[in-house]
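Colleague: Just dropping this structure here.
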Amino acid sequence: MSAELTIHITDNLLAELQAKAEAEGSMIDHVMEKAAMMLLESGRRANLSSRWARLSERGQRRAAEMGLTEADVPRLIDEMRRGR
């Protein structure tokens, strides 16, 4: 399914998009669709990165509350593998 949308952009941006489309042997519609998809994907990555940062911070706070350091990691992994 596709939909039609009217957007307003500057003449300079339009000229750049036309040049890009011509260089790719494509149409402006396709160039704009790819650009929109890239924009949405970068937003998804930024959201994932932000979620990962929050998770990491929460883990660091919890480790500090428990008095754990990086030096404890190998021992903890070994204990988990042994089923403790």
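Every number in this text was worked out from the coordinates using simple rules, so none of it is lab data. In this text, all values refer to a predicted model and were calculated from it rather than measured experimentally. Using ideal geometry, Cβ is built from the backbone for each residue, glycine included, and neighbour counts are taken over all protein chains shown.
Colleague: Please order Leu5, Leu40 by the number of other Cβ within 10 Å, starting at the fewest.
Modeller: Taking fewest neighbouring Cβ atoms as first place, the list is Leu5, Leu40.
Colleague: To continue, here is another question. Once Lys and Arg get +1 and Asp and Glu get -1 on their Cβ, which of Leu5, Leu68, Ala46 lies farthest toward the positive end of the dipole of the chain?
Modeller: Toward the positive end, the furthest listed residue is Leu68.
Colleague: Relative to the Cα centre, what is the charge dipole magnitude of the chain, using +1 at the beta carbon of each Lys and Arg, -1 at the beta carbon of each Asp and Glu, and rounding to the nearest 20 debye?
Modeller: The dipole of the chain has a size of about 920 debye.
Colleague: The list [x] 1.46; [y] 1.02; [z] 2.06 gives values of Cα Rg over 2.2 N^0.38 Å, and only one came from this structure; which label was calculated from it?
Modeller: This structure yields the entry labelled [z].
Colleague: List the residue ranges in the chain for DSSP H helices whose C-alpha atoms run 24 angstrom or more along the long axis and whose Kyte-Doolittle average is -1.0 or above.
Modeller: Qualifying helices, which must be both long enough and hydrophobic enough, are 28-66.
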